[in-house]
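Bear in mind that the values in this text are calculations on the coordinates, not laboratory data. Since this is a predicted model, take the numbers as computed values, not measurements. Virtual Cβ from ideal backbone geometry, glycine too; neighbours counted across all protein chains shown.
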Amino acid sequence: MEDVVLNVEKRSLVGKKAKRLQAEKKIPGVFYMGSENVALQADEVPVRKLAGSHTTHVIKVKFQDGTERRAVLNEVQYDPVVGHILHFDLHGIREGEKVTLQIPVQLVGTAKGIKDGGILQHSIHRIRIQCDPDNVPEHAMVDVSELGISDSVHIKDLKMEGVKILDNLESAIVTVVPPPTIKEETPETAALAATEQPAEPEVIGKTKKTEEEPEAGQPEEKGKKKAD
């Protein structure tokens with residue numbers, strides 16, 4: 001895989017002053033290598049392409065003075081409201097040193113469990129690896145074609161020559177989960193639900209009529225004497 005070239009300039013504006021670069025369509029960044037760190041800036045478009053790429057690249061960083069360094073894109077900070085890139089970090093690669101980075105996971109095929117009503121659940125989208133800078137895979141490819149319902153592909157199932165995987169090998173990358181079950185109402189369950197209906201509540205304060213209490217508006221029975 002060929003290196004991707006990124007032209008950069010050393011940056012004099014630091015801290016809050018670096019926000020002025022937005023008006024010039026520039027993005028501030030930092031190049032790190034051991035104890036060395038260089039404040040730099042780059043055009044917005046190539047940085048955005050690198051950050052949004054679905055493949056991993058080793059970057060050939062070209063400074064304005066002609067100096068060239070190899071690096072990987074280590075971190076990108078985004079504006080939480082509008083999504084613009086605010087800052088990026090480049091991790092320099094020393095000669096003969098292995099590089100640690102994350103590569104994207106790419107799914108291929110259609111899981112057969114989906115045809116049976118299953119749902120494809122993609123849980124891990126990037127894998128952290130360590131390898132030689134000249135042997136960086138563009139992505140980790142996962143074929144899901146043979147996955148039935150409740151089947152999974154784990155990180156330990158990945159086959160990448162010359163690459164050390166640093167994440168938990170038992171973690172599931174993708175799983176075909178069973179479809180949700182909906183209980184159908186049967187005559188038996190309907191009858192049971194009817195018997196479980198709550199009784200009509202009793203009205204508090206309403207008293208039963210007694211034989212001694214005449215209905216309102218009715219005369220008293222003849223022959224009964226009024227009490228003295």
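Of LYS26/LYS62; LYS62/LYS164; LYS60/LYS98; LYS10/LYS62; LYS26/LYS49; LYS98/LYS164, which pairs sit farther than 19 Å apart, going by alpha carbon to alpha carbon? Working shown, then result.
Details: LYS26/LYS62 16 Å; LYS62/LYS164 29 Å; LYS60/LYS98 16 Å; LYS10/LYS62 11 Å; LYS26/LYS49 14 Å; LYS98/LYS164 10 Å.
Where the Cα-Cα span goes over 19 Å, the pairs concerned are LYS62/LYS164.
Need the full-extension length gain, GLN106 to VAL177, defined as separation in residues times 0.36 nm minus the C-alpha distance. One decimal, nm.
Working: separation 71, 0.36 × 71 = 25.56 nm, distance 1.90 nm.
Result: 23.7 nm gained on full extension.
Pulled fully out, how much extra length does the chain show between ILE114 and LEU166, if you take 0.36 nm times their separation in residues and subtract their Cα-Cα distance?
Gain in length upon complete extension: 15.7 nm.
What is the spin-label model distance, in nm, from HIS54 to ARG20 if the labels are put 7 Å beyond Cα along the C-beta direction?
According to this spin-label approximation, the distance is 4.1 nm.
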